1. Nearest 10 degrees, 0 to 90: what angle lies between the long axis of helix B:92-114 and the longest principal axis of chain B (Cα atoms)?
2. When the helices in the protein assembly as shown are scored as -39500 (n - 2.57) per DSSP H run of 4 or longer and the sum is shared across all residues, what 222 nm value do you end up with, to the nearest 500 deg cm²/dmol?
3. When the Kirkwood hydrodynamic radius is evaluated over all pairs of different C-alpha atoms of segment B:1-71, what value in angstrom, to one decimal, is obtained?
4. Tell me the angle of helix B:185-211 to the major Cα principal axis of chain B, expressed in degrees between 0 and 90 and rounded to the nearest ten.
5. Could you let me know the centre-to-centre spacing of segment C:10-43 and segment C:237-283, using Cα atoms, in angstrom?
6. Pairs of alpha-carbon atoms within less than 8 angstrom and 6+ residues apart define the contacts here; what relative contact order does chain C have, in percent?
7. Please report the Cα spread of segment A:109-207 along all three principal axes, rounded to whole Å, starting with the longest.
8. Using alpha carbons only, how many degrees (0 to 90, rounded to 10) separate the axis of helix C:57-81 from the longest principal axis of chain C?
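Quick note: the coordinates plus some simple rules give every number you see, no bench work behind them. Note that the structure is predicted; figures quoted are calculated from it, not measured.
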């Protein structure tokens, strides 16, 4: 039986840098997998490969047994995988609700001909989409901020909004790039509870995370990347207990 | 023989536009501002030199005076336009629009002061012809060749051998790092634009010696220069210079098969070919 | 009164051009100094058909619109492939190339002398010869253009374009086809410019390259910057204000020899002033 998401033999060079080196791992459906590793280990690069933003030099990504090679980002979202960005990449001049609306699957009125020649139909369908987007905002607890421009939201609210926009795509496998970084304790707990809840609703999560407390609390499974290669995997307790990994992870700092 | 003559003419003008390209590339690589107003600085240089000559100033001093004027204008654009925009966190698009606005202001002030008709330089030695084995070269062309090559070599020496040049390249490669190591990017930006403005004045004076001055005459040279910079690979001063020469030589050779009005088409075709096949340039670093 | 009508007609034609430029510059965020080239192609196509008598006005206008849609999409395609700064080069290059074609291809454009005697517009065989009739027609055309812009902006389509302006990568990550959205916006902008060109040529009855050169493109850009990005109000205010300004300049005693440069100088000053002090223009959103 094939794994839910399977990455195998991925190599990616940038000039003189081997960003991914025979990178391979598999993820089971329904859990929260955390990806850890020192800076430059290739975590964001592998996100870019899985979601079609980078074509790797060699190697494959398969989702539900289907190869994703060469698919463009939008086709990968349609297949059921969506990702967030470490630097959020929200549309700051749009409102919170509009950000979520852009995330919803394409509908009528998103092409000019529909918008121009069937305006009433477009408006009616858009009202339905707004209701849908509002549900996503409620889901992450931002319903009361719906009409606010994103540049006026707090950092914590913006982080939650990225999750709402991600949920709007309807994808079942969510790739989150450091959803908890830079948050104060209160907002951190809010985000962790949200991730747990998403898991409970049947989503599968792959999360890049640096904070070991977060990893311990939410991860079912941990992947340890080092120099573009999967160095170890296991439960959070196993990974944290391994002195060799701790040396790599904290070696520079301690 | 005609072929050879066109080739030589192309190399001479190409070297002059190479200097435009190198000066533009220096600004672009350092500040990441697509400095459209550079075309206005180029144009102003020619007019300043013309005025100084008309007041009886000797040629070398007129060139130096014009360079001084361009330096002030370039530094003023950075200090009074680009720096405030950066403080206001203006988008990239707004900076482009402001730069275009500055170009329009410079060009049309020149047109209002000097009229928009073509002004001719009347320098006896510039129009004197030297014949070298059948090749005809004017004094203006010889001066252009010599001064352009000197300016190019000077720029290379400056960028690679001087402390300021090394600082500029450090700022260009990583403004954030430069900031935390106290290289003061903002001060460096003013210096870079000032130097590039002084340098672009040289072709700004030399090219019109043959062709005459025109207030709107800076746009096409700047277009050629920016295409050369992109084709050569941003960050490679040598590449920018080399491609300026190649493009102008091709423009000149195209005169064999089509009238001169279409040379802009040749230039642009080269650009399109590069965009389709090598969007990052031939000598792009990294 | 006729003087005021002719101002209104020109203003309405430039509203169409303002909408076209606003779509590209304000909504999608592409720096364009070549919209006057597309405008010119529309004008020359309609003039050539009418002067040769091969097509009547409305079919000629339709051909011009289609040609300008194709042209504008081709011109905008490089912006999909190369970064914003390289598109500046593309846009300047296209404008200069277009000016060279308009000035030197005497067969199709009459060269620098232009094309005189373009017949007035007609609707199904009824020529619109009086100024008021033409005003009626341009009012309908500009009104339809404004309606199309307004409908696009309030639809999910407009939201998608605004999101693309802010962050293309994030839009792609949300599963959207960025390419298709940009191409369709360029097509819409091309249609506006092509129709404006055809109406302009038949109203003026004489066209030459000076109406479609780099200065004209800078004027269009200035209209968007002064009026304001992304709003219908901005797209209307820009042309209305900027076409009135030269009339004001006439009140100041400026010698005719420098009138043209004085006008362009003013546009330059406006570009700088609005960029620095009011990037949202008079009635728009921030560029």
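1. The two axes meet at around 40 degrees.
2. Values: 35 runs with 526 residues, N = 827.
Helix-only estimate at 222 nm: -21000 deg cm²/dmol.
3. Details: mean 1/r = 0.0715 Å⁻¹.
By the Kirkwood definition, the hydrodynamic radius is 14.0 Å.
4. 10
5. Going from one Cα centre to the other spans 18 Å.
6. Working: 461 pairs, mean separation 95.7, N = 287.
Computed over chain C, the figure is 33 percent.
7. 50, 31, 19
8. Rounded to the nearest ten degrees, it is 30.
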